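A.B. asks: Can you read through this structure? Questions will come right after.
The values are calculated or read from the model by the stated rules, or taken from the named source; none is laboratory data. Just so it is clear, the model here is predicted, and its values are computed rather than measured. Here the Cβ positions follow ideal geometry from the backbone for every residue, glycine too, while neighbour counts run over all protein chains shown. When the accessible area is computed, the model is the full protein with side chains, heavy atoms only, and any ligands, DNA or RNA have been set aside. Shrake-Rupley method; radii C 1.70, N 1.55, O 1.52, S 1.80 Å.
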Amino acid sequence: MSALEDKKKKGLVFNIQKYSVHDGPGIRTIVFLKGCPLSCNWCSNPESQKSEPELAFNAGRCLTFSKCTRCLQACLRGAIIREADDTLRIDRALCDGCPKNCAEACPSQGLIVYGQERSVDDVLKVVEQDAAFYTRSSGGLTLSGGEPLMQGEFALALLRDARRRRIKTAVETCGMVPWKTLEAASEYLNYVLYDIKHMDSGIHEAQTGCSNERILDNFRKLALLDPDKTILARTPVIPGFNDSEEAIIAIAKFLEPFPNVRYEMLPYHRLGTQKYHFLDRVPPMDEVTLDKSVMPRLIDAARSVLGDRVEVAK
């Protein structure tokens, strides 16, 4: 595809985060794309899961109906409901697929939309603003989500045009995508962060909504495709799901034959809980927390198989 065609390609982006140091080498800008084939119970970005724009309501920012009724007037479908106690409720069934005029009318950003259509050129102009930091730190662009490769054509156009602009690239992927898409992306990637959540397919499906056969098969193919490309396999450590030595050792043994693969475990956190409430959803993990004693034990277990290929999350 030509450079001009790539620049014009559009996709759905819900956030661009600058100055990240945890999602690839150096200082990076993360571009978050909407849509994910998984529905992990611990997801910290629930706004990423659906493949269309979503309306969110932050009651703490709302001016209340006693001071402002702009959203009521702007809503074309009657999806904004004024309750008897003067609080706001969204009728989600009426809201789906509408242009979200209410969010544009809201002066306090109590109503916001997760997911805006943006072009490759528009996104990369934002990424390029920090080019000096990438040069000094070997950083660059990281595509994340959701699952960024679900928007395959848009993600590939971003990666190709980033390379034309001499921006180093990385992707955070769950691997639940067609192999042809992952294979095509690999040509334009300097670094890959790849989630391996559990080796037992039944347990994996119960907690994420999908079995893991394609994920593991894609990982094997990717690791063998370019032995010189570093892949960081990552496991979110989730209470009651994979927080045992048995589960982690099984993952480590799967990774062991691939010398270009390093391994990192990420402790479960509850930072995305508030966003579930913004979207009128119940956080599946509720008040669950990860005991502080778990991570040192699991790091030792992984190192018993992979040695110094195990990285410790900072």
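A.B. asks: Taking 7 Å along the Cα-to-C-beta vector as the label spot, tell me the H277-Q116 distance in nanometres, rounded to one decimal.
C.D. replies: Once both label points are built, they end up 2.6 nm from each other.
A.B. asks: Something else now. Quick one: if the Förster radius is 22 Å, what FRET efficiency do K18 and L76 give, using the C-beta to C-beta distance and rounding to 0.05? Please report the intermediate quantities before stating the final value.
C.D. replies: Numbers: r = 34 Å, r/R0 = 1.56.
That gives a FRET efficiency of 0.05.
A.B. asks: Helix 213-225 against the longest principal axis of the chain: what's the angle in degrees, Cα atoms only, rounded to the nearest 10?
C.D. replies: The answer is roughly 60 degrees.
A.B. asks: Hey, another quick one. Between R303 and D286, how many nm apart are label points set 7 Å from Cα along the C-beta direction?
C.D. replies: Spacing of the two 7 Å Cα→Cβ label points: 3.6 nm.
A.B. asks: Where a ≥ b ≥ c are the square roots of the eigenvalues of the C-alpha gyration tensor, would you call the chain rounded, which needs a/c under 1.5, or, failing that, prolate if a/b is larger than b/c, or oblate? Walk me through the numbers before you get to the answer.
C.D. replies: Numbers: a/c = 2.10, a/b = 1.39, b/c = 1.52.
Oblate shape, in that a/c is at least 1.5 and b/c is the bigger or equal ratio.
A.B. asks: So with the 1.4 Å probe, I'd like the accessible area per residue for the chain, rounded to whole Å². Please list the in-between numbers first.
C.D. replies: Values: 14960 Å² over 314 residues.
Normalised by residue count, the accessible surface of the chain is 48 Å².
A.B. asks: Next up: What is the gain in length, in nm to one decimal, between W179 and A132 on full extension, counting 0.36 nm per residue of separation less the C-alpha to C-alpha distance?
C.D. replies: Details: separation 47, 0.36 × 47 = 16.92 nm, distance 3.41 nm.
Residue separation times 0.36 nm, minus the Cα-Cα distance, leaves 13.5 nm.
A.B. asks: Restricting attention to the stretch 239-314, which GluC sites (Glu not before Pro) occupy a DSSP loop and are surrounded by at most 15 other Cβ atoms within 10 Å? List each step's numbers first, then the result.
C.D. replies: Numbers: sites: E245, E246, E264, E287, E311; in loops: E287.
Counting only loop positions with at most 15 other Cβ atoms within 10 Å, the GluC sites (Glu not before Pro) in the stretch 239-314 are E287.
A.B. asks: Next up: Work the Kirkwood hydrodynamic radius out for the stretch 54-114: mean of 1/r over every pair of different alpha-carbon atoms, inverted, in Å.
C.D. replies: When all Cα pairs of the stretch 54-114 are included, the Kirkwood radius is 11.3 Å.
A.B. asks: Once phi is turned into ³J(HN,Hα) by the Karplus curve 6.51 cos²θ - 1.76 cosθ + 1.60 with θ = phi - 60°, what whole-Hz value does each residue of the stretch 26-41 show in order, with x for glycine and proline?
C.D. replies: Values, residue by residue: x, 8, 9, 10, 9, 10, 9, 9, 6, x, 8, x, 9, 9, 5, 5 Hz.
A.B. asks: Here is a further query. Order these peptides, 100-108, 265-273, by their mean beta-carbon neighbour count within 10 angstrom, highest first.
C.D. replies: 100-108, 265-273
A.B. asks: Using a ≥ b ≥ c from the Cα gyration tensor of the stretch 96-176 (square roots of the eigenvalues), is it rounded, prolate or oblate, where a/c under 1.5 gives rounded and otherwise the larger of a/b and b/c decides, a/b for prolate?
C.D. replies: Numbers: a/c = 2.38, a/b = 1.63, b/c = 1.46.
Because a/c hits 1.5 or more and a/b exceeds b/c, the stretch 96-176 counts as prolate.
A.B. asks: OK, next. In whole percent, and with a 1.4 Å probe on the protein chains, what portion of the accessible area of the stretch 54-114 is carbon and sulfur? Don't skip to the end; give the middle numbers.
C.D. replies: On the way: 1710 of 3470 Å².
The C+S portion of the solvent-accessible surface of the stretch 54-114 is 49 percent.
A.B. asks: For the chain, take the longest principal axis of its alpha carbons; what is the angle in degrees between that and the long axis of helix 152-164, to the nearest 10 within 0 to 90?
C.D. replies: Tilt relative to the chain: about 70 degrees.
A.B. asks: Enumerate the amide H contacts of Q116 below 5 Å, restricted to partners 5 or more residues apart or on another chain; note that Pro and chain-start residues carry no placed amide H.
C.D. replies: Here the answer is V13, F14, since their amide H atoms fall under 5 Å of that of Q116.
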